[in-house]
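Just below is one structure, and these are the notes that go with it.
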Amino acid sequence: MCRKLLLLISAAFVVVLAGNASAAAEWWVGHVSSDWDDNRNWSYAGGGSWIPTSDTGANMGKSGIPDINFPLVITSSDDLECAGMWAYAGEVNKLQDSSWSMTGGSLACYGAITLGCMGSDANATFTITGGEVNAVGQTLTIGTHFDVFSTGAGVLNMSAPGPTVNVRRIYLSAVPGRGIFNLNAGTINVGDLGLIMSAGGSMDITNGTMTIAGDRMIEIGDYSKAGWITAYGGTVARAYPRAAYDPGTDKTTITAY
């Protein structure tokens, strides 16, 4: 599995970066507050400051900027969009974590969503407790790294009361660092390109649900046997991830049992 899969994932990372690089981007600087919906918290490379739109990406990772406000907060009153989201830690300060949170509202993303670190030992964490993220035709990558010596993590937390996330594909892997997905609440719907995992990636399920288009029983079983998918942190006796395929909907549902 591994060599071929890692080559595939590496190629995909290049595509993700190329996709983000092709669009104009707003950089999060957080000088005024933690509010996404305030243009003064963003800086455009060509000068000026605007809130990201469907034509501009949201790049969040300059964790060493003085007086930067984290976490970045998306609330129930926000109806936001961007051409792609690239959230990472350690570009300036190699040990400073970066974190973002979404408590409600909606975020439409028309490009890839990437969580990772910039050649560092810092962690980039996106915590979603409510609202909806729509990146239906796009890839969510958890754990991108740009340095073979990186040990930091890209982390996605879905927590109570429970959000909804829609993507076409998930890459969950980051060697030698980590890609971590904690599915504690809510639902994440994955499209036809499915879930791709390898060493360094982990997903733990408690009260959340993942659906994947198609019959994914064999691959989910393989990931579980490898210890990459767990239930309740692997600490509860007789708790395990459970997958069920419904031919009527042509979807595989993964929950904790």
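The values are calculated or read from the model by the stated rules, or taken from the named source; none is laboratory data. Note that the structure is predicted; figures quoted are calculated from it, not measured. FYI the Cβ positions are ideal-geometry reconstructions off the backbone, even for glycines, and counts take in every protein chain you see. Areas reflect the complete protein model, heavy atoms only, side chains present, ligands, DNA and RNA absent. Shrake-Rupley method; radii C 1.70, N 1.55, O 1.52, S 1.80 Å.
Could you check the simple spin-label distance between Asn69 and Arg242, using points 7 Å along Cα→Cβ, in nm with one decimal?
4.5 nm
Keeping the other protein chains in place, figure out the carbon and sulfur percent of the accessible area of region 161-257, with a 1.4 Å probe.
In region 161-257, the share of accessible area belonging to carbon and sulfur is 51 percent.
List every residue whose amide H lies under 5 Å from the amide H of Ala231, counting only residues 5 or more places away in sequence or on a different chain, with H placed 1.01 Å from N in the peptide plane.
Under 5 Å from the amide H of Ala231 lie the amide H atoms of Ile205, each far enough along the sequence or on another chain.
Taking the Cβ of Asp78 as the centre, find all other residues whose Cβ is under 9 Å away and add up their charges (Lys, Arg: +1; Asp, Glu: -1). Could the numbers behind the result be given before it?
Values: positive: none; negative: Asp35, Asp37, Asp79.
So the surrounding residues net to -3.
Using the crude model of +1 on Lys and Arg Cβ and -1 on Asp and Glu Cβ, and no other charge, please compute the dipole size for region 136-257 relative to its Cα centre, in debye to 20.
Approximately 180 debye in magnitude.
Report relative contact order for region 159-257 in percent, whole number only (criteria: Cα-Cα under 8 Å, sequence separation at least 6). Please list the in-between numbers first.
Numbers: 237 pairs, mean separation 24.5, N = 99.
Reported as a whole number, the value is 25 percent.
Could you tell me how many cubic angstrom of Cα convex hull volume region 99-257 has per residue?
On the way: hull volume 16.8 nm³, N = 159.
Value for region 99-257: 106 Å³ per residue.
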